[in-house]
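For reference, the structure discussed in these notes is given below.
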Amino acid sequence: VDGTDLWLGIDLGGTDIKAVAVDCDGRVRWARAIATCAPEGRDAVVARLLSLMATAAGEVAPARVRGVGYAIPGILDLATGTVELLTNFTPDWTGFGLKDALEQGSGTPISMLNDVRAATVAEQMWGGGRAYRNFICIAIGTGIGGGLVLNGELYFGSRGAAGELGHQTMDPDGPRCNCGNYGCLEALASGYAITRRAREAIACGDVQLAELLGSAEPEPHQVAEAARQGSAGACRIFDEVGTFIGRALANLVCTLNPEAIVVGGGISRAGDLLIDPIRAELARRTVVFSRERGGVEVLESPMGGQGGAIGAAAWALRQSADLATWTHVS
Ligand SMILES: [Zn+2]
């Protein structure tokens, strides 16, 4: 990498930690991923984060790293950088001052944001949201997260937790969610819900699906592949999942009247299998916002699974720009 200014973004995921260095136009100039090893506990993961930061500093030199941002898959106290809730990680993360630990360990100031809120910033600056002042970002992966841009600004809500789209109750008698509630969108339509639905279909005697999947615990991308190979059962799963997501989004469209919805996350790579039923249900449930009255665009994210990391870098860039503006004004 030449002597350009770069911003480092690190996305702490349940399975892997992704790091990117982007330039001021959002181009990824360096990327690296390592395993999280979350079951090893908090201190081990923090040590891996610090070593990844050291690797990045070494490998992108002599470029100048102007800021470092983190994307965290949970709820944070944004003022202090303390972790409030991090599902899929060991319990010792709750109440942990992550920002302080990383700043002290690396000697570098960092900024921090929820992972999907970070991805929303990336979409706004360099992705599917660029053309819009009001849009919803939904990330469908192992879980379901989201972010809102309203009047051109990332919307935080009173505690920074606005955008938890996955925890809307869609079916009060539905399956239990990782958050403790029953029938959340996430419990019905996320990656883990797709795996559960496939398992249930096989248990109910879908021999064709069992043959195509060859596993009792199939990954969502395997279910998508089975759908493409003609499994009616797998197609039905994506229809049901997409319909639930479309219904949840329709409620948000009625509440917020956005111009667009950007769909990202690993499951969005299923493409039309997922997007078609989302569009169909949205059209059915948003009569007041019909096409003739302007409608709402549904776009696939162009971030290719790096939205969280790119967004963390984008957030660091924006914080440094705000700081520069503030310094200038004062
Ligand atoms: Zn939930």
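The values are calculated or read from the model by the stated rules, or taken from the named source; none is laboratory data. All values derive from a computational prediction rather than experimental measurement. Cβ sites come from the backbone with ideal geometry, for glycine too, and all protein chains shown count toward neighbours.
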Can you find a residue that is surrounded by fewer than 15 Cβ atoms within 10 Å (Cβ to Cβ) and on the phi > 0 side of the Ramachandran plot anywhere in segment 280-290? no
Look through GLY304, GLY294 and report the one residue that is at pLDDT below 95, closer than 16 Å to LYS18 by Cβ and either surrounded by fewer than 18 Cβ atoms within 10 Å (Cβ to Cβ) or over 15 Å from the mean Cα position of the chain (by Cα) (or both). GLY304
Identify all residues within segment 78-89 that are in a loop (DSSP other than H, G, I, E, B) and within 20 Å of the chain's Cα centre (by Cα); write none if there are none. LEU78, GLY81, LEU86, THR87, ASN88, PHE89
Is it the case, given these coordinates, that LEU212 is more than 12 Å from the ligand (Cβ to nearest atom) and either out of contact with any Cys (no Cβ under 7 Å at 6 or more places or on another chain) or of a type in the set (Gly, Ala, Ser) (or both)? yes
Candidates ALA187, ALA198 - the one that is part of a helix (DSSP H, G or I), away from the ligand (no atom under 11 Å from the Cβ) and at pLDDT 95 or above: ALA198
Just give me the residues in segment 161-184 being more than 14 Å from the ligand (Cβ to nearest atom) and buried (at least 17 other Cβ atoms within 10 Å of the Cβ), in sequence order. ALA162
Boolean, ALA193 is modelled with pLDDT of 95 or more, more than 20 Å from LEU249 (Cα to Cα), surrounded by 22 or more Cβ atoms within 10 Å (Cβ to Cβ) and more than 10 Å from the ligand (Cβ to nearest atom): no
Would you check if there is a residue in segment 139-148 being more than 19 Å from ASN88 (Cβ to Cβ), more than 11 Å from the ligand (Cβ to nearest atom), touching a residue at least 60 places away in the same chain (Cβ under 8 Å) and not small (Gly, Ala, Ser)? yes
Checking GLY265 against (1) under 15 Å from the mean Cα position of the chain (by Cα); (2) surrounded by fewer than 20 Cβ atoms within 10 Å (Cβ to Cβ); (3) at positive phi, which single condition isn't satisfied? (2)
Name the single residue, out of those in segment 28-52 being of a type in the set (A, V, I, L, M) and out of contact with any strand residue (DSSP E or B) (no Cβ under 7 Å at 6 or more places or on another chain), that is modelled with the lowest pLDDT. ALA38
Determine which member of the set ASP100, ASP92 is exposed (fewer than 14 other Cβ atoms within 10 Å of the Cβ) and either without any contact (Cβ under 8 Å) to a residue 24 or more places away in the chain or assigned to a strand (DSSP E or B) (or both). ASP100
